[in-house]
1. Just the number, please: carbon plus sulfur as a percent of the accessible area of the chain, 1.4 Å probe, no ligands or DNA/RNA counted.
2. List the aspartates and glutamates whose Cα sits under 15 Å from the Cα of K138, skipping any in the same chain fewer than 8 residues away.
3. Okay, helix-only estimate at 222 nm for the chain: each DSSP H run of n ≥ 4 adds -39500 (n - 2.57), divide by all residues, round to 500 deg cm²/dmol; what do you get?
4. Inverting the mean 1/r over all pairs of different Cα atoms, compute the Kirkwood radius of the range 1-131 and quote it in Å.
5. So if I take the centroid of the Cα atoms in the range 66-103 and the same for the range 1-36, what is the distance between those two points in Å?
6. Enumerate the lysines that K134 could reach by cross-link, defined here as Cα to Cα under 23 Å, with residues fewer than 8 away along the same chain left out.
7. Could you sort R6, R47 by their accessible area in this structure, using a 1.4 Å probe and putting the largest first?
8. Counting heavy atoms of the protein chains only and a 1.4 Å probe, report the per residue accessible area for the chain as a whole number of Å².
Amino acid sequence: MIQVVREQKGSISVYKLSGNISEDTHFDDVMGPSNPEMEINCKGILRINSMGVKTWIKYFQTCQKSGTKLNFSECSTAIVEQINLISNFTCGGTVESIYLPFSCLSCKTELSGLFKTEDLKKMKMSLPTLKCTKCSGKAEFDDIPEDYLAFLGK
Ligand SMILES: [Zn+2]
């Protein structure tokens, strides 16, 4: 099941998506017709399966064809995975910001950090550490930068 909360930010229609995306997700119904400028907030997307990817691409390709400006923001790790795997996942849209998984070196707490893709490009794979919310220790990026950020170089 997927939930969509829609709000208007000036000329941009913002859609906050949360839940799981599968063959049961009917984007036409939950999103409605495309708008000239759409921001898709992907923070709450937990999982997307292969059938979900197909329905996703079908919907956003239709938006792309109608000339919609697509911008994907706060992409969850599940979405970043797909952006890296599937070359046309964003259907010509831009990726504004993504979540990165971090893990505390002392207490192993898992954290996520939100980064703008623009800033990540400037960092050139050398990622900062975060402060652990539990023990204030040092949390390091918990994946392989060259894999997780592969889409930045495309
Ligand atoms: Zn910690």
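The values are calculated or read from the model by the stated rules, or taken from the named source; none is laboratory data. These figures come from a predicted structure and were not determined experimentally. The area values use the complete protein model at the heavy-atom level, side chains included, leaving out ligands, DNA and RNA. Shrake-Rupley method; radii C 1.70, N 1.55, O 1.52, S 1.80 Å.
1. 51 percent
2. E110
3. Details: 5 runs with 41 residues, N = 154.
Taking each H run of at least 4 residues, the total per residue is -7000 deg cm²/dmol.
4. Working: mean 1/r = 0.0645 Å⁻¹.
For the range 1-131, the Kirkwood estimate is 15.5 Å.
5. The range 66-103 and the range 1-36 have Cα centres separated by 15 Å.
6. Candidates past the 8-residue exclusion: K43, K108.
7. Details: R6 125, R47 150 Å².
Ranking R6, R47 by accessible area, largest first, yields R47, R6.
8. Details: 8670 Å² over 154 residues.
Value returned for the chain: 56 Å² of accessible area per residue.
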